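*Asks:* The structure follows.
The values are calculated or read from the model by the stated rules, or taken from the named source; none is laboratory data. If you're wondering where the values come from, they're calculated on a predicted model, not measured in any experiment. Here the Cβ positions follow ideal geometry from the backbone for every residue, glycine too, while neighbour counts run over all protein chains shown.
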Amino acid sequence: MAKPQYQRKMKSLTDQVYDKVRTDIISLELLPGDRIVELDIAETMGTSQAPVREALQRLEREGLVNRQARSATYVTKTSIDEIYELFSIRSQIEGYAIKRTVRHITPTQIMELEALVEQMKAAGELDNMVLLTEYDMLFHRNICQWADSVALLRSWDPLFSQIQRFVVNTHKDYFDELTDIADTHLPIIAALRAGDEEEAARVVREHVMLIWTRIEQKK
């Protein structure tokens, strides 16, 4: 199964280091509070420390690592209250984005979203939560990107990594089957196809906050 591609280009050393460390954090190979040593990563990946440093700076901007004095870097710890705030912010951003996107979405773009849902299902059947969330996040990023607002996308992108880490490590506990996660995206597609701005915004906000409804129900 092909991994989703946000940009099709040859990856730099910095990008390769970024992808490796980010995946280790998202999948909990690196746990919150773990120390990341630049020299160790450089030796493992056969590169100098410069690309490692650049990759860690990028991960810091995404909220996945915290760089302290004398180059000490640690995987961030994020409280449940902070994550809830991120989801609340995300729901408002995506609600606004989809109202813009629904005005001019094309049949081809609808088909792209449907294909991503099928790819989510396939990843779920393989029990590959990291890959499933890559397709999931791409689904939502497409809606934001198609809104044709640079400011909107700049607001959404920094939330991506922290939200994905949370989703990867919690959603298995709140869905009977991983493929069910894919199905929760179908009402969004239906609302886009119907062309109703307010309904589309309501549906996507409800979708984004669904996990919190399930968490409350399990208490």
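*Asks:* Residue 211: surrounded by 16 or more Cβ atoms within 10 Å (Cβ to Cβ), more than 14 Å from residue 94 (Cα to Cα) and modelled with pLDDT under 95, yes or no?
*Replies:* Values: surrounded by 16 or more Cβ atoms within 10 Å (Cβ to Cβ): yes; more than 14 Å from residue 94 (Cα to Cα): yes; modelled with pLDDT under 95: yes.
Answer is yes for this residue.
*Asks:* Next question, about the same structure. Going through segment 172-188 one residue at a time, which ones are surrounded by 19 or more Cβ atoms within 10 Å (Cβ to Cβ) and either modelled with pLDDT under 95 or assigned to a helix (DSSP H, G or I) (or both)?
*Replies:* Within segment 172-188, the first condition is being surrounded by 19 or more Cβ atoms within 10 Å (Cβ to Cβ), and the residues that meet it are 178, 181-182, 185, 188.
Listed by number, the residues that qualify are 178, 181, 182, 188.
*Asks:* Another one. Could you list all residues from segment 121-134 that are more than 13 Å from the chain's Cα centre (by Cα) and in a helix (DSSP H, G or I)? Spell out how you get there, then give the answer.
*Replies:* If we filter segment 121-134 for residues that are more than 13 Å from the chain's Cα centre (by Cα), which is where we start, we get 121-128.
Of everything in segment 121-134, those that are more than 13 Å from the chain's Cα centre (by Cα) and in a helix (DSSP H, G or I) turn out to be 121, 122, 123, 124, 125.
*Asks:* Determine which member of the set 138, 153 is touching a Leu at 6+ places or on another chain (Cβ under 8 Å), in a helix (DSSP H, G or I), of a type in the set (A, V, I, L, M) and in the same structural domain as residue 211 (by TED's automatic domain parsing). Explain how you work it out, then say what you get.
*Replies:* On the way: 153 fails: touching a Leu at 6+ places or on another chain (Cβ under 8 Å).
The conditions single out 138.
*Asks:* Is there a residue in segment 204-211 that is touching a helix residue (DSSP H, G or I) at 6+ places or on another chain (Cβ under 8 Å), closer than 16 Å to residue 114 by Cβ and part of a loop (DSSP other than H, G, I, E, B)?
*Replies:* no
*Asks:* Across segment 135-160, which residue is nearest to the chain's Cα centre (by Cα) among those that are farther than 13 Å from residue 97 by Cα and modelled with pLDDT of 95 or more?
*Replies:* Looking at the filtered set, the residue picked out is 137.
*Asks:* Same structure, new question: What are the pairs, 6+ residues apart or on separate chains, where a residue within segment 159-177 that is under 12 Å from residue 87 (Cβ atoms) has its Cβ under 7 Å from a residue that is small (Gly, Ala, Ser)?
*Replies:* Sorted first by the residue in segment 159-177, then by its partner, the pairs are 162/63.
*Asks:* Let me ask another. State yes or no: is residue 90 in a helix (DSSP H, G or I), charged (D, E, K, R) and over 18 Å from the mean Cα position of the chain (by Cα)? Walk me through it before giving the result.
*Replies:* On the way: in a helix (DSSP H, G or I): yes; charged (D, E, K, R): yes; over 18 Å from the mean Cα position of the chain (by Cα): no.
No; evaluated as a whole, the condition is false for this residue.
*Asks:* Among 60, 85, 43, which is within 18 Å of the chain's Cα centre (by Cα), more than 27 Å from residue 204 (Cα to Cα) and in a helix (DSSP H, G or I)? Full working, then the answer.
*Replies:* On the way: 85 fails: more than 27 Å from residue 204 (Cα to Cα); 43 fails: within 18 Å of the chain's Cα centre (by Cα).
Within the list 60, 85, 43, the selection yields 60.
*Asks:* Is it fair to say residue 110 is closer than 23 Å to residue 198 by Cα, touching a Ser or Thr at 6+ places or on another chain (Cβ under 7 Å), touching a residue at least 40 places away in the same chain (Cβ under 8 Å) and part of a helix (DSSP H, G or I)? Before you say what the answer is, go through the steps one by one.
*Replies:* Working: closer than 23 Å to residue 198 by Cα: yes; touching a Ser or Thr at 6+ places or on another chain (Cβ under 7 Å): no; touching a residue at least 40 places away in the same chain (Cβ under 8 Å): yes; part of a helix (DSSP H, G or I): yes.
In short, no.
*Asks:* Further question: Kindly list, by first and then second residue, each pair from a residue in segment 52-66 that is surrounded by fewer than 16 Cβ atoms within 10 Å (Cβ to Cβ) to a residue that is part of a helix (DSSP H, G or I) and among the basic types (Lys, Arg), limited to pairs with Cβ atoms under 6 Å and residues at least 6 apart or on different chains.
*Replies:* Every condition considered, no pair remains.
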